[in-house]
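Read the figures in this text as sums done on the coordinates, not as results from a lab. These numbers come from a predicted model, not from an experiment. Cβ placement follows ideal geometry from the backbone for every residue including glycine, while neighbour counts extend to all protein chains displayed.
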Amino acid sequence: MSTRFTRLAALAAALALAVTACGGSQSSSPPAGGTAAPSGAASQPAGEKVTFRITTWAGEGEAKELQELVLDKINASQSEYEIVHEAAPADYYTKIQTALAGGTGADFLWLSQEYVAGYASRGALLDLTDLLKTIAAPTAKVEGYFPDVMKTALYQDKVYGLPWISQPVVLYYNPALFDAAGIAYPDDTWDWAKFAETAKALTKDDQYGFSANGWPPIHMFMWQAGGETVSDDLSSSPIDSAEALQGAEFYKSLIFNSSCCPTEDVLLEQGFSEMFKAGKVAMFMGGASDTFETADGVALDIRAAVPPMGPKSRTTFAWTASTVVNAKVANPELAAKALVALTDGIHHWKIVSPLTELANADVITASFPEKWKAQKGQQVDAIIAATQDMRSFNVIPRQQEWDDLFWREFQDKLYHDQGTAADLAAAARPQLEALLP
Amino acid sequence: MVQWYAETLVRYVLVAAAIVGVMLLTYRGLRRAGVRREPATGFALILPWFLGFLIWNLFPVVASLYLSLTDYNILQAPNFVGLANYQQLAEDERFWASLRLTMAYSAITVPLGLLLSLLAAVLLNQGVRGVGLWRTLYYLPAILPPFVTALLWRLMLLPTRSGLVNSATEPVWSLFGDTPPRWFLDPDTVLWGFVIMSFWGVFGANTVIMLAGLKNIPKDLYEAAEVDGAGLLSKFRHITVPQLTPTLFYVLILGIIAGIQIFDQGLFVRVPRENFLNVYLYQQGFNFFHMGYASAIAWVMFVIILVLTLAVFRSSTAWVYYEGEVKR
């Protein structure tokens, strides 16, 4: 092998490495606008669309709907950018965290309410506060959202995302089981006592009045009694207050109690929501967009009511998620515009929209495919009523740790008779408060 | 998108070209340094693997050691905190509880697994009809992914009547006036649930390795023993076991490592209290953003495995027999 050959090999290797290395900074993973392309969107050639990537947890069917009902429309109507979807239905948070750490995170991400503060506090998200003020669309106006939902996208009073869904928990019921027992359907006059009494009355043989397994969240009942799990100013976790304990004790009186609800063993064996679908549970608390069908795919006659009234309120939990923007996005202004368009599209697809003006019967009914229109049509009034009382968690940056601790040291022990609510709450509170900001 | 895929493809080709270029340079450099043609070619050819080892194995290992001394939270640059993570570990009750569960699991499943796989191998080594089919059947469980096994056993160990284990053993429990265990719902029986689950893998790779070891035992040893009047048990004790000790040693080392590193089963089976150490590590790293702390747990786990492995290695001089070895 000659010296000349050696030099050529060295030159080829050096060139190849240089080109490969440079590739990342010019247009790494789906190009331009992308986070790993700091100069991408800004230096996009005139007339060429900037490509933004969005990563979501959408499964196959949901991803198809997102593409067809939202993204295709946006991409067809936009000349400045296009949005490319990357679904990561399995190990979602592990994947996006790893991608963000590696500098290849997508421009837009879906985050459930528990995560926004944590990601924002660690500098992973773009502060949208000022960017959104420059956009006229109603979707960009923070004040247009339900305040108790919008707060999940805020961190230290800055906006880090736009909520795209807020599903209030409603009380679904199987009218056939009520009819068979000669009991009137649930309505907005129901309180905890009426609810518990009816759940017991509907329990017989292999049939139960209600079902709980940690869902619906115990927080909801603590709120209804006037208690709180994390205070509004995030400075305390008063789970041992008299009000919070009242809510916890009511929940404890239901969960795994065979006089009204399936035991833990039965739930494990027969499935939580499956028992309701199979007609073995008369009442079930679920999110507003839940649909119920038989194993053969036939829509069931399931109706909805607002959750029963607690001692202080009818507050119901809202499962909320936001779309956030990667802090390293190359073109923040354009990204904010794309985020608003994307969120608006999702608001007309998912229910319930966290935008107050879209939380109405027309939008909700129109959101569902034909198959579900009859079922959801019967439920829509209860869903809209529930939105007026819905709220999300007061989220802290270390929310996952807080949730884990709250489960292990309070809920799990309470549900398994390892202490009274008062004792467990008193023991857990200092540990929970150690995790607050 | 098409452009992006095309660019990616070009990049792959360029990386391959770069690697070939570096291999050629290595070869040339070695030759110039006076290395003979054959070893120079060998070194150049293993270069891609060696680079892969450096980048994908050695670097992460060293990096994780550094990260264990930081407060790394995945999303931000790490800050050096010295031994704080290790000090925190010493006071972390959940860490100790997870470690206890993991060590108890290993202490039970490793010897038990060794014994059962040896038994299975001895049975499969008999000249029975259709032995090939039996061997295939015994190996089949090993090809299932661990999470499938975990989900399967979670159903088998359901505490209700649809849980096959409890359903089958209920009459036995009732004989003693007792009820079947609640397995993964009861903190006291979680460990035993996982131990039972571990049997599933016993008949897989370990049995095949043992079987290979049994096949390597010279037949003339058995013949000589028979001439001397040795019985079945005597032959097993004085020929089979000693001759099989290198294999037992190998399987024991692998068993210890696998036992302490158990992860999938713990991740897919929700338990009431503490889970395995690896699951706790994952939770700290990926759920709680404490990657520095998780790295410290990983290094503690590494040290435990290393110490146990070294102990087994040191003890091997006393119980592992290698043919041709001269004991002094």
* **Neighbour-count ranking [beta-carbon atoms within 10 angstrom, fewest first] of A:TRP215, B:TRP183, B:TRP173** => B:TRP173, A:TRP215, B:TRP183
* Asked: Taking Cα centroids, how far is the range B:123-156 from the range A:126-158 in Å?
  -> 57 Å
* **Which of A:ILE218, B:ILE260 has the fewest Cβ neighbours within 10 Å, and the rest in rising order** => B:ILE260, A:ILE218
* Structure fact -> Once both label points are put 7 Å beyond Cα along the C-beta direction, the A:GLU370-B:THR136 separation in nm becomes 5.0 nm
* R0 = 41 Å: FRET efficiency of B:THR179 with B:TYR250, Cβ-based, nearest 0.05? -> 0.45
* Asked: Taking the DSSP beta bridges in the protein assembly as shown as the whole, what percent of them are antiparallel, to the nearest 5?
  -> 70 percent
* Could you size up the charge dipole of the range B:66-153 around its Cα centre, putting +1 on the beta carbon of Lys and Arg and -1 on that of Asp and Glu, and report it in debye to the nearest 20? => 600 debye
* Structure fact -> Placing +1 on each Lys and Arg Cβ and -1 on each Asp and Glu Cβ in the range A:295-437, then taking the dipole about the Cα centre, the residue among A:ALA434, A:ALA374, A:GLY345 whose Cα reaches farthest towards the positive end is A:GLY345
* Asked: Excluding same-chain residues fewer than 8 positions from A:LYS73, which aspartates and glutamates have a Cα within less than 13 Å of its Cα?
  -> A:GLU65, A:GLU82, A:ASP344
* Asked: How many nm is it between the label spots at B:PHE313 and B:GLN3, if each spot is 7 Å from the Cα in line with the beta carbon?
  -> 5.5 nm
* Antiparallel DSSP beta bridges within chain A, percent to nearest 5 -> 65 percent
* Asked: Stretch A:THR294-A:ASP187 to full length: gain in nm at 0.36 nm per residue minus the Cα-Cα span?
  -> 36.0 nm
* Can you put B:PHE43, A:PHE146 in order of Cβ neighbours within 10 angstrom, beginning with the fewest? => B:PHE43, A:PHE146
* Structure fact -> Of the listed pairs A:LYS337/A:LYS373; A:LYS141/A:LYS252; A:LYS95/A:LYS350; A:LYS204/A:LYS371; A:LYS133/A:LYS376, those with alpha carbons more than 29 Å apart are A:LYS337/A:LYS373; A:LYS141/A:LYS252; A:LYS204/A:LYS371; A:LYS133/A:LYS376
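Any chance you could run the full-extension gain for A:GLU274 through A:ALA180? It's 0.36 nm times the residue separation minus the Cα-Cα distance, nm to one decimal.
31.8 nm
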* Asked: Any idea how far the Cα center of the range A:87-101 sits from the one of the range A:319-369, in Å?
  -> 21 Å
* Between A:ALA242 and A:GLN431, take the C-beta separation as r, use R0 = 22 Å, and let me know the FRET efficiency to the nearest 0.05. => 0.60
* Asked: Which one of A:PHE52, A:ILE74, A:PRO186 is farthest out on the positive end of the charge dipole of the range A:46-205, using unit charges on Cβ (Lys, Arg +1; Asp, Glu -1) and the Cα centre as origin?
  -> A:PHE52
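What FRET efficiency comes out for the pair B:VAL62/A:GLU143, r = Cβ-Cβ distance, R0 = 56 Å, nearest 0.05?
Here the calculated transfer efficiency is 0.65.
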* To do: Round to a whole angstrom and tell me the spacing of the C-alpha centers of the range A:218-250 and the range B:1-52.
  => 63 Å
